[in-house]
Every structure is written in C-alpha cells, then in structure tokens.
Amino acid sequence: TVIPNGVELCSDPIREPASQDVLLIARHARNKNISLALRGFAKLLALEPDWLGNLVVVGGRGRDSSKLLRLERRLELTGRVEWLSYVSEDALGRKLRSSFCLLSTSLMEGFDYPLLEAQASGLPTLASRIPVHTEFHDGVSLIFDLEDGGVSLAGELQQLACDKSLWQHLSLAGLTHAKHFSLKRQTASIAELLTDMNAPWC
C-alpha cells in the first residue's frame, strides 16, 4: 500500500484575518518549544497592549504541561492563553479559519505538517529558524530566531499586524507553496515513478 504524502488544498481559502488569535498546534513536548511561544506572545502584548487575540495552543498534555502553566502565570498571561488538548478535524479547520496566523516554535521537526496545512488554507505562517523550516518555508513564512527569548517572534508578529500587504503576500505565497505538496500532485508523481520503473508489482 502506497500512502501519498501531502495536504488537501482548500477550495475557499482565507482572504483576510478573522481575529488576532495566534494559533500553535503542538503537543506539550520539549521539542515543540511552547515556552518560546509564551515568551514571544508576552513580549507582543508588551509592544501592543491593545492586542485583542489570544495564544491558542492545540495539543495533548505531557510532562512539560505543569512547567508551561507555571510559565504562563509567571509571564502574567492567565486568561490570554487557550489550552485545547483535543479538537476534532472540523473544529481544527474552524480554528485555522478564525486565526490571525499559525506559529511553529519547534526545536526540531521531521517535516511539520501544521505549517503546510495552514498555508493550504491561506493562513500566514511563522516558523522557527531550524533546518527543515528554512529549507521548505523560507520566503513563504516569517522565520524567527530561537535564542532571543521571543524578541524576534514578537517583532515578526507585530510587523505582520501592522502591514496588511505582508499578511496578504504570505497568504498567497503559502497557497502557491502548498500546491507543490498537494495530495493530487503526490499521487500523480508516485504513479509516474512506478510506471517509469516498470515494476513487476504494478
């Protein structure tokens, strides 16, 4: 059985932000680096005290959960972070459509599907400066540093909020990028490869 590796494209992509919610899809694990998202969001609120949105974290709890909740309190973010352990596929789609952007603060990733899924919906993305992100998402995501305690993350979020043309550019760039990883294209590529190989199991 061959399983295509790609994303579904959206027939009705997002055209403008529906809120100022910053969405992060990540389980509570060290490599997801949710603490940086909390620090960056706190710095954003210091820069933009009238920011109306929340940081929305969708992902299962784990050994880091208690540390993250303590950090939330220490950064005075109580009431500004939504912790959702699980949402259905439909509910996640609604979250994407109702958010300002999608964020990935990961320290390491194999591929990072949430970024592509957001781009396929027309939602702008911000990604940490790690090899897989710079290789696949440089130019279609805003890339921020990992080692500055959230300063560059907050700055990129502020820039995205202040520049409507940047939001639109990233939305369109993400849609174009996601097309290269569509399920339809991946299926066609696999079929072509198997045909060219003239494999006996075809």
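The values are calculated or read from the model by the stated rules, or taken from the named source; none is laboratory data. Everything quoted here is computed from the prediction, not taken from an experiment. All Cβ positions, glycine included, derive from the backbone under ideal geometry; neighbour counts span all protein chains shown. Side chains are part of the model used for accessible areas, which takes the heavy atoms of the whole protein and leaves out ligands, DNA and RNA. Shrake-Rupley method; radii C 1.70, N 1.55, O 1.52, S 1.80 Å.
Data table
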{"quantity": "Leu107 versus His180: modelled label distance in nm, points set 7 Å from Cα along the beta carbon direction", "calculated": "2.9 nm"}
{"quantity": "Rh (Kirkwood; distinct C-alpha pairs) - the stretch 69-186, Å", "calculated": "15.3 Å"}
{"quantity": "Mean Cβ neighbour count within 10 Å, used as a protection proxy, ranking 109-122, 11-24, 133-146 highest first", "calculated": "109-122, 133-146, 11-24"}
{"quantity": "Expected-Rg normalisation [2.2 N^0.38 Å, Cα atoms] applied to the chain", "calculated": "1.08"}
{"quantity": "Charge-dipole axis of the chain as Lys and Arg at +1 and Asp and Glu at -1 on Cβ define it, positive-most pick from Val58, Gln159, Gln119", "calculated": "Val58"}
{"quantity": "For the stretch 19-130, Kirkwood radius (reciprocal of mean inverse C-alpha pair distance, Å)", "calculated": "14.1 Å"}
{"quantity": "The stretch 1-149, accessible surface, carbon-and-sulfur percent (1.4 angstrom probe)", "calculated": "49 percent"}
{"quantity": "Helix axis angle, 34-47 relative to the chain longest principal axis, alpha carbon, degrees", "calculated": "50 degrees"}
{"quantity": "Cα-centred dipole magnitude for the chain, charges only on beta-carbon of K, R (+1) and D, E (-1), debye, nearest 20", "calculated": "640 debye"}
{"quantity": "Count of lysine pairs in the chain with Cα separation under 22 Å (8 or more residues apart, or interchain)", "calculated": "7"}
{"quantity": "Surface per residue (accessible, 1.4 Å probe) for the chain, Å²", "calculated": "54 Å²"}
{"quantity": "Estimated FRET transfer efficiency when R0 is 30 angstrom, pair Leu172-Glu89 (beta carbons, to 0.05)", "calculated": "0.75"}
